[in-house]
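Just below is one structure, and these are the notes that go with it.
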Amino acid sequence: MVSRLDHVGIAVKSIDQASRIYEDVLGLKVQGIEVVPEQQVRVAFIPVGDSEIELLESTNADGPIAKFIEARGEGIQHVALRVNDINEALERCRNAGLRLIDDRPRKGAGGALIAFVHPKSSNGVLLEICQR
């Protein structure tokens, strides 16, 4: 069902500040920045091999990423797993009794279809199911 790790989402206060570590220190390059209004987030993509680091900056003081940072501080917010068929993946999760945040796929950054599994049913990890 899962073909690979798609990306790791990291909540940050400032993409401009956080990206310096990845670019200046680690030699990686931001390959694009996108705003996803529906999720109240600005996203920067940093390729690492076959996967990416996704820096997430809130565009709204009461958006999900801002609330995450307020409660937990900056850091890993989710792990995204790539699948070939997101509807099949969601059905398997549902049948296994996992609690879904999204019953149906929605549009995410980079043109992906995404859906989230609640961390209470996945050992404290917010899982994103992602189809590109």
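Values quoted throughout were computed directly from the atomic coordinates according to the rules given, and no laboratory measurement underlies them. Predicted model, so just to flag it, every value in this text is computed and none were measured. In this analysis, Cβ positions are derived from the backbone assuming ideal geometry, glycine residues included, and neighbour counts consider all displayed protein chains.
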message: Could you tell me how many cubic angstrom of Cα convex hull volume the chain has per residue?
response: 105 Å³
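Provide the percentage of antiparallel DSSP beta bridges, counting only those with both residues in the chain; round to the nearest 5.
75 percent
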- request: Mind jotting down the distance between the C-alpha centroids of segment 27-78 and segment 81-130, whole Å?
  value: 18 Å
- prompt: Once you charge only the Cβ atoms, +1 for Lys and Arg and -1 for Asp and Glu, what is the size of the charge dipole of segment 2-131 about its Cα centre, to the nearest 20 debye?
  reply: 320 debye
query: All other residues with a Cβ under 15 Å from the Cβ of Ile86 taken together, and with Lys, Arg as +1 and Asp, Glu as -1, what is their net charge?
result: +1
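Within 13 Å, Cβ to Cβ, of Glu34, how many net charges do the neighbouring residues add up to if Lys/Arg are +1 and Asp/Glu are -1?
-2
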field: the chain: relative contact order in percent, alpha carbon pairs under 8 Å with at least 6 residues between
entry: 25 percent
query: Say the dipole of segment 1-120 comes from +1 at the beta carbon of Lys and Arg and -1 at that of Asp and Glu; which of Pro64, Val41, Leu26 then lies farthest toward its positive end?
result: Pro64
